[in-house]
Structure formats: C-alpha cells, structure tokens
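Each remark here refers to the structure printed beneath this line.
The values are calculated or read from the model by the stated rules, or taken from the named source; none is laboratory data. All values derive from a computational prediction rather than experimental measurement. Reconstructed Cβ throughout: ideal geometry from the backbone, glycine too, with neighbour counts over all protein chains shown.
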Amino acid sequence: MLKLLTESLAPGVIVVQLDGRLDMAGSMEIEEELLAVVTSNTMVVIDLAGVTFLASMGLRCLILAAKTVQSRSGQLALARPQPLVAEVLRASGADSLITVTTDIDSAARAVMA
Amino acid sequence: MAEIQKINVAGNQNELVLQILPELAELIRLSAWVDDAGAKLGLSVSRLYAVQLCLEELVANIVLHARAADPAKLSIVVTLRPCEAGLEIMVDDNGMTFDPTVTAEPSAAHSLADAQLGGLGLVLVRRFTSAFHYRRDNDWNRVTVLLAG
C-alpha cells in the first residue's frame, strides 16, 4: 500500500512524501489525493525516498502532477529517488522534463526559483 | 488457480510458472510471486527490480487492453526461465493477436507541456531488457524478454 503525507517546508512550499510502491495499484490509491495537492499549491516537492518501486503508471502520475503545477505557473521537483527508481526516471526521459534532486533543500530551491 | 510450479525441462533448467486472471487485483499477487521467485532464483536486487518492472508493464498491458472472443476464458501465464544468456521472462495470453514489439514509442517530449502520459510501459520494457520478441502460437500470444547476464 502506498502512503501519501504532506508537510509544509517553507512558506508556500509543500513536500509530498510517498512511501511504498508507485505501481499501478499504488498510483490508483494516491492519484486523486496527489492531484488535489498540486491543484492547490504552486511550489511542490515530491519526496521519493520511501518509494521502493516505480513503474509506468507511477511515472504517469508524477508527470501529470508536474504538468498540472506548471499549467498554474508553478514548479514541481522530485527529490531523493532510490537508485533503481532514479534509473526508471532516466530510462523514461522523465528526468529531462522534471527537476530531480538528491536532497530536499535543493528541490525546495528549485521550486522557489 | 495461481501456483508456483517447478517444471524440470530438458537440460534440467528450472522454470517458475504462474497462471493469473486478467484482473488488476492480480498484479499485487504477481508482485508477491515475483519476490518469492527472485529469492528462489537468487536474483540480485537490480535484477529483481527489472523482472518486477517488465512483468508489471507486460501483464498490465494485457489486463487493460487484451480482447478475447470469450473474455471469461482469457488467461495469462507468466514464466521465468534461467538460461545461458541470462533470464528469460515469458508472458502468454490467449486473447486476440497483439504484438507489443511493433508498437511505436511515444515521440520524445522536449518540454513538460508536450509530454505524453501514455506508452511509457513498453518504453521501460525495451530499456531494461536486451531482447524483446513476440510470436503467435496456437491462438496464444507469447512475449519473451531477455535480461542478459
């Protein structure tokens, strides 16, 4: 089961923590909640440190979230992916479309830029 | 219905086979089976991840898109077969003919606004494997991918 938690990092910056498998089942569990977060915030960091598996439906979820934020003139960044999750981001080309950082602070700076 | 079988085939290779129903809920059971199979086959963490990824994508594709003359008889069979070249993953289904190896990849997006949301599953299968084959045999589709090494 995929868990989603949010916390405020700095004024206007929200961090979404995901924990679990971001596969088809996990994506279906959190997509509605994630979209609610990105439609009400313009500086969003998604912390992937707890994501142990990322598949195409999870990628779709992340790309949709980033597109939604950008359409509202905001910024979204992905932080702290585990090595194999980072490999999926690279292999799919998603890392060329969405900022990916190795720490939360860098991601926060990216979305505030 | 679902089970792990060890089948001794020519050359004393051990295949691990799982039959599943064409339902999204089966993906969760498939994932647990792959973890168990990975332990039996002694797969590394990265190799196990690649198997999980390929099977999630290939089986989800069938569950979401396969069509059968009699949907109640649609069945999916997953096989893991260690071989000299590495590990073969086979996914069989008895739906209508569908060859995922000829499916065009989505064009590379130059910006987030242009990015397509679909078609990434087969992109990942291609990136994480060294061979991707299809054949139609006795009314069954068989997709075979190879994880080399």
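Miscellaneous remarks
- Residue satisfying all of: in the stretch B:117-139; over 27 Å from B:Arg47 (Cα atoms) and touching a residue at least 12 places away in the same chain (Cβ under 8 Å); nearest to the other protein chains (Cβ to nearest Cβ) among these: B:Arg136
- Qualifying residue in the stretch A:62-76 (condition: buried (at least 20 other Cβ atoms within 10 Å of the Cβ) and either in contact (Cβ under 8 Å) with a residue 60 or more places away in the chain or of a type in the set (Asp, Glu) (or both)): no
- Checking each residue in the stretch A:1-20 for being out of contact with any helix residue (DSSP H, G or I) (no Cβ under 9 Å at 6 or more places or on another chain) and assigned to a strand (DSSP E or B) picks out A:Leu5, A:Glu7, A:Ser8, A:Gln17, A:Asp19.
- Conditions (1) among the hydroxyl-bearing types (Ser, Thr, Tyr); (2) surrounded by fewer than 12 Cβ atoms within 10 Å (Cβ to Cβ); (3) under 25 Å from A:Arg60 (Cα atoms); number of the one not met by B:Ser130: (2)
- Subset of the stretch B:94-116 (residues that are farther than 15 Å from A:Ala91 by Cα, within 11 Å of chain A (Cβ to nearest Cβ) and either in contact (Cβ under 8 Å) with a residue 40 or more places away in the chain or hydrophobic (A, V, I, L, M, F, W, C) (or both)): B:Leu112, B:Ala113
Yes or no, residue by residue, for (1) more than 30 Å from B:Gly38 (Cα to Cα); (2) not hydroxyl-bearing (Ser, Thr, Tyr):
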| position | (1), (2) |
| --- | --- |
| B:Gly86 | no, yes |
| B:Ile89 | no, yes |
| B:Met96 | yes, yes |
| B:Val102 | no, yes |
| B:Ser107 | yes, no |
| B:Val125 | no, yes |
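- Of the residues A:Val37, A:Val69, A:Val88, the single one that is modelled with pLDDT of 95 or more and either farther than 21 Å from B:Asp114 by Cβ or more than 10 Å from chain B (Cβ to nearest Cβ) (or both) is A:Val37.
- With respect to the stated conditions, A:Thr102 is more than 13 Å from chain B (Cβ to nearest Cβ) and over 16 Å from A:Leu9 (Cα atoms).
- The set of residues from the stretch A:21-34 being within 13 Å of chain B (Cβ to nearest Cβ), in a helix (DSSP H, G or I) and in contact with a helix residue (DSSP H, G or I) (Cβ under 9 Å, 6 or more places away or on another chain) comprises A:Met24, A:Ala25, A:Gly26, A:Ser27, A:Met28, A:Glu31.
- Among the residues of the stretch A:42-60, not a single one is under 13 Å from the mean Cα position of the chain (by Cα), assigned to a helix (DSSP H, G or I) and more than 12 Å from chain B (Cβ to nearest Cβ).
- So B:Leu30, is it part of a helix (DSSP H, G or I), in contact with an Asp or Glu (Cβ under 9 Å, 6 or more places away or on another chain) and modelled with pLDDT of 90 or more: yes
For (1) surrounded by 14 or more Cβ atoms within 10 Å (Cβ to Cβ); (2) at positive phi; (3) in contact with an Asp or Glu (Cβ under 9 Å, 6 or more places away or on another chain); (4) outside any loop (DSSP other than H, G, I, E, B), each residue gets a yes or a no:
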residue: B:Asn61; (1), (2), (3), (4): yes, no, no, yes
residue: B:Ala72; (1), (2), (3), (4): no, no, no, yes
residue: B:Thr79; (1), (2), (3), (4): yes, no, yes, yes
residue: B:Asn141; (1), (2), (3), (4): yes, no, yes, yes
residue: B:Val145; (1), (2), (3), (4): yes, no, yes, yes
